Amino acid sequence: MFKKVASVILSLVMVISFVTPSLHASANESQELGVTKKEVENTGILVDSINELDQKLDMENLSSNSQGEINKLSKEARELYNAIVSYEDQKSTPLTGDDTLTVLSSHINKLNSGINKIEEPTVKPMGVINYKEYKISNSKIQKLVKAAGLNGGFWATATAIAKVFGKSPTALTLMLGAVPVLGVSGLNMCNSKNKGVIITKIGSGATNSYSCRSQ
């Protein structure tokens with residue numbers, strides 16, 4: 001009996017020893033890439049909202065959705081829908097894939113507003129330049145381009161982003177900062193060697209610039 005109990009305890013210790021480092025590594029990845037846990041969680045909310053809108057509304061023809069259908073959405077999905085409608089109302093031309101990236105980036109910034117004040121030091125040394133690099137694999141870029149197209153439509157791009165990066169919220173959190181500047185076609189051009197890209201984020205405080213190069 002003692003041997004059986006000892007064996008079970010040993011097995012549990014081994015499982016914990018394997019699982020704990022992986023969880024710790026995941027948390028460290030977000031910190032090293034300069035995003036907070038809450039920012040990653042908000043990106044997950046954004047992906048869920050995209051999927052809900054895709055399932056419940058006609059996102060190719062926004063005017064065809066009734067107020068009753070909109071009211072049945074979750075609070076998060078309804079807020080994203082209203083952001084899209086508001087953006088469309090300001091445009092005089094049909095929405096494009098680049099508009100999608102602008103809307104999603106703006107929406108995630110709204111969700112993240114106030115986070116930095118809570119999770120980051122309120123006082124930072126003057127003149128400190130932050131430099132971050134992160135990689136997007138060739139397979140993810142190829143999937144994104146295939147699903148959205150280089151000149152894909154507004155909602156095709158949104159659903160492609162949710163599909164390709166839904167399980168990589170940390171990468172998507174960072175990408176939403178860079179891609180509105182680069183565009184899907186620009187991201188594809190950076191992947192000239194078909195080995196994936198390295199996106200560089202450099203800046204100070206709220207001012208950041210992005211560039212990309214092939215791996």
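Give the range 67-90 a look and list any residue that's exposed (fewer than 10 other Cβ atoms within 10 Å of the Cβ) and out of contact with any Lys or Arg (no Cβ under 9 Å at 6 or more places or on another chain), or say none.
Keep residues of the range 67-90 that are exposed (fewer than 10 other Cβ atoms within 10 Å of the Cβ), which gives 67-68, 71, 75, 89-90.
Gln67, Gly68, Lys75, Asp89, Gln90, listed by residue number.
Output the qualifying pairs, or none if there are none: Cβ atoms under 6 angstrom, residues six or more apart or on different chains, first residue in the range 81-107 and modelled with pLDDT of 90 or more, second residue surrounded by fewer than 19 Cβ atoms within 10 Å (Cβ to Cβ) and among the hydroxyl-bearing types (Ser, Thr, Tyr).
Close Cβ pairs satisfying both conditions: Val103/Tyr87.
Going by the structure shown, is Asn42 among the polar types (S, T, N, Q), part of a helix (DSSP H, G or I), surrounded by 10 or more Cβ atoms within 10 Å (Cβ to Cβ) and at pLDDT below 90? Full working, then the answer.
Details: among the polar types (S, T, N, Q): yes; part of a helix (DSSP H, G or I): yes; surrounded by 10 or more Cβ atoms within 10 Å (Cβ to Cβ): yes; at pLDDT below 90: no.
In short, no.
Is there a residue being within 17 Å of Cys190 (Cβ to Cβ), open to solvent by 50 Å² or more (accessible area, probe 1.4 Å) and touching a helix residue (DSSP H, G or I) at 6+ places or on another chain (Cβ under 6 Å) anywhere in the range 146-162?
Among the residues of the range 146-162, at least one is within 17 Å of Cys190 (Cβ to Cβ), open to solvent by 50 Å² or more (accessible area, probe 1.4 Å) and touching a helix residue (DSSP H, G or I) at 6+ places or on another chain (Cβ under 6 Å), which makes the answer yes.
Taking His24, is it surrounded by 11 or more Cβ atoms within 10 Å (Cβ to Cβ), closer than 18 Å to Pro169 by Cβ, modelled with pLDDT under 95 and not basic (Lys, Arg)?
So His24 fails the test.
Determine the pairs where a residue that is under 15 Å from Ile84 (Cβ atoms), located within the range 39-57, has a partner that is among the polar types (S, T, N, Q) and open to solvent by less than 70 Å² (accessible area, probe 1.4 Å) with Cβ atoms under 7 Å apart, the partner being 6 or more residues away or on another chain.
Ile50/Thr159; Glu52/Ser74; Asp54/Thr159; Leu57/Asn65
What are the residues in the range 80-100 that are within 17 Å of the chain's Cα centre (by Cα) and either over 17 Å from Asp54 (Cβ atoms) or charged (D, E, K, R) (or both), if any?
Of everything in the range 80-100, those that are within 17 Å of the chain's Cα centre (by Cα) and either over 17 Å from Asp54 (Cβ atoms) or charged (D, E, K, R) (or both) turn out to be Asp98, Asp99.
Of Ser137, Ser113, which residue is open to solvent by less than 70 Å² (accessible area, probe 1.4 Å), among the small types (Gly, Ala, Ser) and either in contact with a Lys or Arg (Cβ under 6 Å, 6 or more places away or on another chain) or at pLDDT 80 or above (or both)?
Ser137
The values are calculated or read from the model by the stated rules, or taken from the named source; none is laboratory data. If you're wondering where the values come from, they're calculated on a predicted model, not measured in any experiment. Don't worry about glycine lacking a Cβ; one is built from the backbone with ideal geometry, like all the others, and counts go over all protein chains shown. What goes into the accessible areas is simple: the full protein's heavy atoms, side chains included, and nothing from ligands, DNA or RNA. Shrake-Rupley method; radii C 1.70, N 1.55, O 1.52, S 1.80 Å.
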